[in-house]
Amino acid sequence: MKNLPYELWEPVIGLEIHVQLNTKSKLFSAAANRFGDEPNTNISVVCTAQPGALPILNKEAVRKAVQFGLSIGANISLISKFDRKSYFYPDCPRNFQITQFERPIVVGGTVTAFVEGTPKTFQVNRAHLEDDAGMLKHFTTFAGVDFNRAGAPLIEIVSEPCIHSAKEASAYASAIRAIMLYLDASDGNMEEGSLRMDVNISVRPKGSTELRPRIEIKNMNSFSFLEAAVESEIKRQVALYLQDPSRPPEEVIIPGTYRWDPERKETILMRRKESADDYRYFPEPDLVPVVLSQAYVDEIQNCLPELPQDRYNRYIEKLGLTPYSASLLINDKPLCDYFEETLKIYSNARQLCNWITVEFTGRLKESGQTLLSIGITPAHVAKLLTMIDSQLITGRIAKQVADDMVASPGLDPETIVKNNPDYLPVTNTSEIEPLVDEVLAAHPQSIADYKAGREKALAFLVGQVMKLTRGKASPAIVNELILRKIQ
């Protein structure tokens, strides 16, 4: 399979993203919508489908769905309704799910995502409200069902088949998650199942516009798994088509539902694909249509917070960040909020962005922690950068101070410098001047190069002096001394 001509084929991908809304109660009952409690404690007669129990719609879930629709420029249906989707699994106590099939609350819209730093716009087909199923838990000799999640409010976001690579799929899903976090509509915790992805994928020869048979990979809760599953499935489908090019596509790819096996690194067939008829959709008789006023929608529109794309534009246009740096920040809302908080007390946005996204993030990556989780305050980061700007410490010393801040998160950078004599900068000209003379005597060619107009030669000479002082000398003083002596 390694030598197959994948570049001659185009994947066609659509995503169905299920986002659990962070309402206090469930979609159709007053039971608590909360993760991590003892099994079968957050339940009611509605979410366990007791005879005669009737659903009552959670209005806050409706509001969050409208917020999402407006944030992607979609059409909000002033009249939407619920339907029953029949399926028979142990974790679905009613044997049907209440969802929106014919008239969803959100129609259309677009999402801008950054694919390896480059913005790309993706089309959304629809987004609808539905309730979640429970969870099957498997033990050594038996299996149990936890209904705590049964009835939790979901918004399912269905893209158009407009995605054409694993990287695009991951970037689009990341952008959806970011929007939900900015709206405070979901905690986006993928390990806890707050965001799960189903991917529909087919392949076709490049240049073709046909939609070939597709398969669905269910319930992925990791962007890395999503990318790996898509790459694997592309290779599997291309290999099948090339085995017998004369066979019609519908005989080569049999629609089915698959799961991703991260250990075997391949997709595993679970069942053949159901059609809409198999689910026996029909209108939910126990819920009236959802009727919204335009005034209600306008009020939500006027109260939307700053969204990821708005921040991205502001960071580039007003703060002067590069597109890559801006995209790094906006896709990590907690880090982006940390940046915003620090920006209130330190105004050099580019310097701040570099230290937050590169210096500190790099130091914390191996431990899996963040600036927030480790407890380094925005005030301490701002103070460190102010010390650099005021030439109290050099950039090299600042990196050593940052190491100490990570090792002892509560320590003030000023205290760190005062307690370590090696961090105190050398500003005494009489100490630096002999070293400047030594460097100039050793590098006459660099002096000649600088006089011939090569600016890099000066930077080289400054660097040599900084080496001799172990980065402690003030670069400005070194610069001044060198220029004075060679001119």
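The numbers here are math on the coordinates, done by the rules we state, and not lab data. The structure presented is a predicted model; accordingly, all values stated were derived computationally and were not measured. All Cβ positions, glycine included, derive from the backbone under ideal geometry; neighbour counts span all protein chains shown.
Structure values in brief
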read-out: Full-extension gain in nm, residue 6 to residue 304, via 0.36 nm per residue minus C-alpha separation; value: 103.0 nm
read-out: Alpha-carbon centroids, the range 29-68 and the range 207-282: separation in whole Å; value: 33 Å
read-out: Cα centre as origin, Lys/Arg/Asp/Glu Cβ charges: the range 306-423 dipole, Debye; value: 180 debye
read-out: Mean separation of Cα contacts under 8 Å (6+ apart) over length of the range 122-243, as relative contact order %; value: 20 percent
read-out: The chain: relative contact order as a whole-number percent, Cα under 8 Å and 6+ apart; value: 14 percent
read-out: For the chain, with +1 on Lys and Arg beta carbons and -1 on Asp and Glu, the positive-most of 118, 304, 80 along the dipole; value: 118
read-out: FRET efficiency for residue 442 and residue 268, using Cβ-Cβ distance with R0 set to 56 Å, rounded to 0.05; value: 0.25
read-out: Diffusion constant of the chain at 10 °C, which comes from Stokes-Einstein with the Kirkwood Cα-pair radius and 1.306 mPa s, µm²/s; value: 60 µm²/s
read-out: Gain on full stretching of the segment that runs from residue 102 to residue 322 - 0.36 nm per residue minus C-alpha separation; value: 74.9 nm
read-out: Taking N as its residue count, the alpha carbon Rg of the range 306-423 over 2.2 N^0.38 Å; value: 1.05
read-out: Using alpha-carbon coordinates, inclination of helix 429-442 to the longest axis of the chain, degrees; value: 90 degrees
read-out: Signed unit charges on C-beta, dipole axis of the chain, positive-most listed residue 66, 373, 453; value: 453
read-out: Violating pairs (Cα-Cα greater than 19 angstrom) within the set 24/333; 167/318; 235/265; 206/235; 120/365; value: 24/333; 167/318; 120/365
read-out: Cβ-placed point charges (K, R +1; D, E -1), dipole of the range 182-279 about Cα centre in debye, nearest 20; value: 500 debye
read-out: Part-to-part distance (alpha-carbon centres) for the range 78-113 and the range 430-487, which is given in Å; value: 70 Å
read-out: Extension gain from residue 291 to residue 418, taking 0.36 nm per residue of separation minus the Cα-Cα distance; value: 39.2 nm
read-out: Relative packing of 302-308, 149-155, which averages over residues the other C-beta atoms within 10 Å, highest first; value: 149-155, 302-308
read-out: Computed over the range 429-486, Cα set: Rg, Dmax in Å; value: 10.3, 29
read-out: Angle in degrees between helix 59-71 and the longest Cα principal axis of the chain, rounded to the nearest 10; value: 60 degrees
read-out: 17 Å Cα-Cα reach of residue 485 towards aspartates and glutamates, excluding residues that sit fewer than 8 places from it in its own chain; value: 431, 433, 437, 438, 449, 455
read-out: Relative packing of 191-199, 86-94, 291-299, 63-71, which averages over residues the other C-beta atoms within 10 Å, highest first; value: 63-71, 191-199, 86-94, 291-299
read-out: Calculated FRET efficiency for the pair residue 75/residue 206, C-beta based, R₀ 51 Å, to 0.05; value: 0.95
